[in-house]
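These notes concern the structure reproduced below.
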Amino acid sequence: MRSIILGVLLLAATGTAIEAQVGNILMGTTAPKKQGISDETLFREVIKELSSDEFGGRKPLSQHEGPVLEYIAGKFQEMGLEPAVGGSYLQKVPLLSVKTKLKNNQISLKGLKGKANLAYWDEAVVWSLRAEKNFKFTNADLVFAGFGINAPEFGWNDYEGLDVKGKVVVVLINDPGYYDEKLFKGKNMTYYGRWVYKFEEAGRQGAAAVLIIHDTAPASYDWSVVQNGRANDVLSLLSDTGNKELVPLQGWVTGDAAKKIFKTAGISYDESIAAAKKKGFKSIPLGLKSTFEFTNDAVVEESANVVGVLPGTTRKDECIIYSAHWDHFGVGKAIDGDSIYNGADDNASAVAALVVLARRFKELDERPERSIVFLSVTGEESGLMGSEYYARHPLFPLNKTVVNLNMDVWGDKPRTHDVVLGSPGDSETDRYLTEAAAAQGRYVSPAVSNTSGGYYRSDHFSFAKVGVPVVFAAGGSDYLDPEAVKAHNLHYNGKSTYHQPSDEYHDWWDVSGSLEDTYLFFGIGLRLANDGYFPKWSDSSPYKLIRESQK
Ligand SMILES: [Zn+2]
């Protein structure tokens with residue numbers, strides 16, 4: 001106990017004291033040798049470089065991808081990591097890039113009570129992930145299918161008795177629990193609440209198109225985030241069928257556009273939405289026909305994940321995976337005169353953390369027993385594609401992959417007393433996190449609610465889906481110095497930079513908490529790298545059976 005208290009005092013004293021502490025945070029190993037620049041300088045340098053205008057916002061398949069990959073691979077090499085892909089640092093990831101053009105830039109609706117058009121971009125943002133060149137749907141029926149959820153374990157099926165083949169399905173974002181604590185997992189968004197799921201399910205049901213009704217609160221982001229995510233060519237992983245299993249047209253409509261749809265149908269919007277939130281809801285045919293035509297400019301291209309490894313000593317085939325996506329949105333719609341989506345916080349910052357971690361692991365006096373893999377994935381912003389590809393084509397056996405520690409949005413974080421655990425009770429990795437946090441003098445606060453569905457919104461989810469336990473955590477909001485944080489936040493004028501061109505690096509960033517979180521992850525990974533144990537999923541986890549079937 002005494003040493004922990006002493007540790008806390010040291011940590012509070014200076015930034016370099018944090019660094020000196022790192023090595024013995026958990027394992028009692030010696031502090032890493034000091035080599036060249038400090039962790040903070042290295043961290044800032046990599047963020048600044050990757051988020052500079054020269055890298056053009058790191059859009060996969062853009063002309064900037066090559067230099068970005070080269071830069072990250074170069075950093076991995078400089079830190080002493082070995083290439084993990086047959087002598088190369090690059091794992092090629094085939095992606096389908098599609099530019100969808102909607103004829104007349106609108107979706108037209110026709111009903112008994114009248115006609116209406118939904119203008120592309122301002123009222124509807126739609127795209128296709130299919131490889132075919134042309135699509136035309138004539139007089140496709142519109143149907144309101146509630147949340148578009150088929151969840152047997154929650155006794156909920158919005159598709160009950162409904163045939164949506166060739167139809168346009170209109171659905172709500174999130175899940176019923178958002179509106180009624182007793183349903184699903186209450187405010188904790190389940191995977192059924194995610195837009196990705198809505199499209200997947202409608203695909204299984206054979207729909208021609210899906211339009212999700214946007215609503216800022218339950219979606220957790222506003223309309224501009226929907227637009228910015230689709231401002232350029234849309235990317236997807238390419239399946240063996242050319243993505244024929246996917247709904248031809250996917251997208252969102254604004255809340256106002258949805259009201260327009262219902263008004264044209266002559267059906268009460270408010271009553272329909274209210275009905276959809278109750279158990280036993282029956283889908284509502286809208287009596288509207290839509291004819292729409294679009295072309296796909298579809299090209300298959302190769303992006304890449306960057307992968308470096310520090311081979312373990314005695315358990316080389318077992319590994320710990322640190323991950324951070326390198327991609328962002330590239331150049332898009334200008335906001336306040338700026339069209340480069342630099343993605344400094346999201347996610348140059350976590351790539352920088354990978355580099356810091358690589359150096360720390362490399363500098364250890366004793367190399368860990370298990371291998372440490374550093375994975376910087378592509379295509380996260382377009383739907384976790386690089387990590388999904390890795391999970392389908394792992395470079396190290398999944399059943400021997402001990403844990404995934406994923407980092408996303410990792411910069412400009414002042415130090416906090418707390419560490420927020422995103423999915424408490426999911427697996428035994430909770431214990432490793434709690435102990436590593438305690439060694440830093442921090443406490444773990446389990447996230448009470450996860451309304452934004454964050455669990456499904458970053459790359460660790462690709463690992464969870466294939467049974468690999470994850471650590472989903474980061475510093476919270478119990479700041480060491482709340483007054484300093486208030487002053488600091490004035491830099492932002494109360495505006496969010498999330499997925500905006502304003503997500504840029506500034507020297508005024510406070511990275512003390514970012515580094516402390518990085519060291520926290522270092523502690524967890526180091527311990528597991530020498531532990532010989534495989535943390536298990538809890539009984540209630542949907543991923544437990546998947547893990548157990550991996551022999
Ligand atoms: Zn991100």
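Taking θ as phi - 60°, what are the ³J(HN,Hα) couplings along the stretch 513-529 by the Karplus curve (6.51, -1.76, 1.60), each to the nearest whole Hz, with x for Gly and Pro?
x, 4, 5, 5, 5, 5, 5, 4, 5, 4, x, 5, x, 5, 5, 5, 6
Summing Lys, Arg as +1 and Asp, Glu as -1, what charge do residues with Cβ under 11 Å from the Cβ of residue 323 carry, residue 323 excluded?
Charge balance near residue 323 sits at -3.
Considering amide H positions built from the backbone, and no H for Pro or chain starts, which residues 5 or more places from residue 406, or on another chain, come under 5 Å of its amide H?
Here 323, 471 satisfy the definition.
Rounded to whole Å, give me the distance from the Cα center of the stretch 354-424 to that of the stretch 232-262.
30 Å
Using the structure shown, list the pairs from 101/259; 316/465; 277/413; 278/465; 244/536; 133/282 with a Cα-Cα distance above 27 Å, or answer none.
Too far apart for the 27 Å limit: 277/413; 278/465; 244/536; 133/282.
State the extension gain, in nm to one decimal, for the chain segment bounded by residue 299 and residue 392, taking 0.36 nm per residue of separation less the distance between their alpha-carbons.
In short, 31.3 nm is gained.
Hey, what's the Cα Rg ratio for the stretch 98-297 versus the globular rule of thumb, 2.2 N^0.38 Å?
0.96
With each label point set 7 Å from Cα along the Cα-Cβ vector, what nm distance links residue 112 and residue 133?
Taking the two extended label points, one gets 4.2 nm.
Tell me the relative contact order for the stretch 369-518 as a rounded percent, counting alpha carbon contacts under 8 Å between residues six or more apart.
35 percent
Spin-label point model (7 Å from Cα, Cβ direction): what's the residue 336 to residue 105 distance in nm?
Label at residue 336, label at residue 105, 2.7 nm between them.
Please report the carbon-and-sulfur percent of the accessible area for the chain; probe 1.4 Å, protein heavy atoms only, DNA, RNA and ligands left out.
Carbon and sulfur together cover 53 percent of it.
Modelling each spin label as a point 7 Å along the Cα-to-Cβ direction, I'd like the residue 41/residue 77 distance in nm, to one decimal.
Simple spin-label model gives 2.3 nm for this pair.
May I ask you to give the average projected area over all directions of the convex hull of the Cα atoms of the chain, in nm² rounded to one decimal?
24.8 nm²
Highest mean first, how do 282-288, 380-386, 239-245 rank when packing is the count of other Cβ atoms within 10 Å averaged over residues?
Working: 282-288: 19.0, 380-386: 25.0, 239-245: 13.0.
With the highest mean Cβ count within 10 Å placed first, the list reads 380-386, 282-288, 239-245.
Just in the stretch 420-502: which chymotrypsin sites (Phe, Trp or Tyr not before Pro) are loop by DSSP and have at most 16 other Cβ atoms within 10 Å?
498
Which loop GluC sites (Glu not before Pro) in the stretch 387-486, with loop taken from DSSP, have no more than 16 other Cβ atoms within 10 angstrom of their Cβ?
Answer in residue order: 428.
Would you mind putting 350-360, 148-158 in packing order, based on average other-beta-carbon counts within 10 Å, highest first?
350-360, 148-158
Checking a compactness column here: for the stretch 261-339, what do you get for Rg(Cα) / (2.2 N^0.38 Å), N being the number of residues? Please list the in-between numbers first.
Working: Rg = 25.2 Å, N = 79, 2.2 N^0.38 = 11.6 Å.
It is 2.18.
Round to the nearest 10 and give me the degree value, 0 to 90, for the angle of helix 2-13's Cα axis relative to the longest principal axis of the chain.
Its long axis makes an angle of about 70 degrees.
Taking only protein heavy atoms into account and a 1.4 Å probe, give the accessible area per residue of the chain in Å².
Counting only protein heavy atoms, the per-residue value for the chain is 40 Å².
Any idea what the dipole of the chain comes to, in debye rounded to 20, about its Cα centre with Lys/Arg Cβ at +1 and Asp/Glu Cβ at -1?
Details: 59 positive and 70 negative charges, 357 e Å.
The calculated dipole for the chain is roughly 1720 debye.
Please report the relative contact order for the stretch 98-297, taking Cα pairs under 8 Å with a sequence separation of at least 6, and give it as a percent rounded to a whole number.
After rounding, I find 39 percent.
Using 0.36 nm times the number of residues separating residue 539 and residue 157, minus their current alpha carbon distance, what extension gain do you get?
Extra length available between residue 539 and residue 157 comes to 135.0 nm.
Can you give me the relative contact order of the chain as a percent, contacts being Cα pairs under 8 Å and 6 or more apart?
20 percent
The values are calculated or read from the model by the stated rules, or taken from the named source; none is laboratory data. Computed from a predicted model, the values in this text were never measured in an experiment. Cβ: placed from backbone, ideal geometry, glycine included. Neighbour counts: every protein chain shown. Calculation scope for accessible area: heavy atoms of the full protein, side chains included, ligands and nucleic acids excluded. Shrake-Rupley method; radii C 1.70, N 1.55, O 1.52, S 1.80 Å.
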